[in-house]
């Protein structure tokens with residue numbers, strides 16, 4: 001039986017969520033965005049069942065918490081950006097393994113080596129995603145300039161420098177439909193719901209009980225986690 005408290009929380013979330021079929025709340029400065037993940041390219045279908053299925057981004061002013069969640073072993077990849085406290089961390093967890101790397105200000109989070117050399121061309125195209133007016137950018141890479149990837153972003157969610165530590169740092173807007181190459185995986189993210197909720201400041205504090213490792217070590221582990229090649 002659902003408790004009264006649990007029911008209340010569910011109702012609050014239901015009424016504060018903006019799905020991709022609804023009108024969004026303009027210029028919110030804190031909350032969560034939930035994305036689905038689609039994999040493209042050649043992937044072992046057995047591995048695919050165990051690969052991360054969701055991305056949750058929590059935001060508040062200039063603070064960003066980016067969590068790729070896996071369905072097994074309490075595993076995941078977390079990027080945490082808290083500029084006022086000089087926190088630009090990447091965390092990985094898998095069963096009892098807990099490691100993190102602390103980037104310098106302006107340094108790209110680990111795991112995006114295959115995104116180097118991308119070119120971003122902003123276009124006049126627009127669309128609406130989760131009720132937010134979105135702009136378009138076309139992205140190409142040195143290995144194949146003829147292949148064009150579309151990215152959609154909005155400036156109606158008030159987050160300062162939302163992509164500062166990602167390959168899309170030149171896009172000044174919250175990404176609503178985008179992609180990453182992480183190791184050999186091509187991951188496409190689509191926003192499904194935007195939640196206007198209060199996010200506690202403690203969510204953006206440095207995590208405890210994680211072992212600090214080098215950028216090379218955590219990049220290697222991220223690539224293995226994504227492809228289940230441990």
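Would you please name the residue that is modelled with the highest pLDDT, looking only at residues in the range 27-41 that are surrounded by 14 or more Cβ atoms within 10 Å (Cβ to Cβ) and within 8 Å of residue 190 (Cα to Cα)? Across the range 27-41, the extreme among qualifying residues is 35. Here residue 69 meets the list (1) surrounded by 12 or more Cβ atoms within 10 Å (Cβ to Cβ); (2) farther than 29 Å from residue 129 by Cα; (3) modelled with pLDDT under 95 almost entirely, failing just condition (2).
Taking the range 171-223 as the search range and keeping residues that are without any contact (Cβ under 8 Å) to a residue 40 or more places away in the chain, over 27 Å from residue 129 (Cβ atoms) and not in a loop (DSSP other than H, G, I, E, B), which one is farthest from the chain's Cα centre (by Cα)? Top of the filtered list is 216. Considering 116, 125, 98, 135, the condition of being more than 28 Å from residue 75 (Cα to Cα) and either loosely packed, with under 13 Cβ neighbours inside 10 Å or more than 19 Å from the chain's Cα centre (by Cα) (or both) is satisfied by 125 alone.
The values are calculated or read from the model by the stated rules, or taken from the named source; none is laboratory data. None of the values given here were measured: they were computed from a predicted structure. Reconstructed Cβ throughout: ideal geometry from the backbone, glycine too, with neighbour counts over all protein chains shown.
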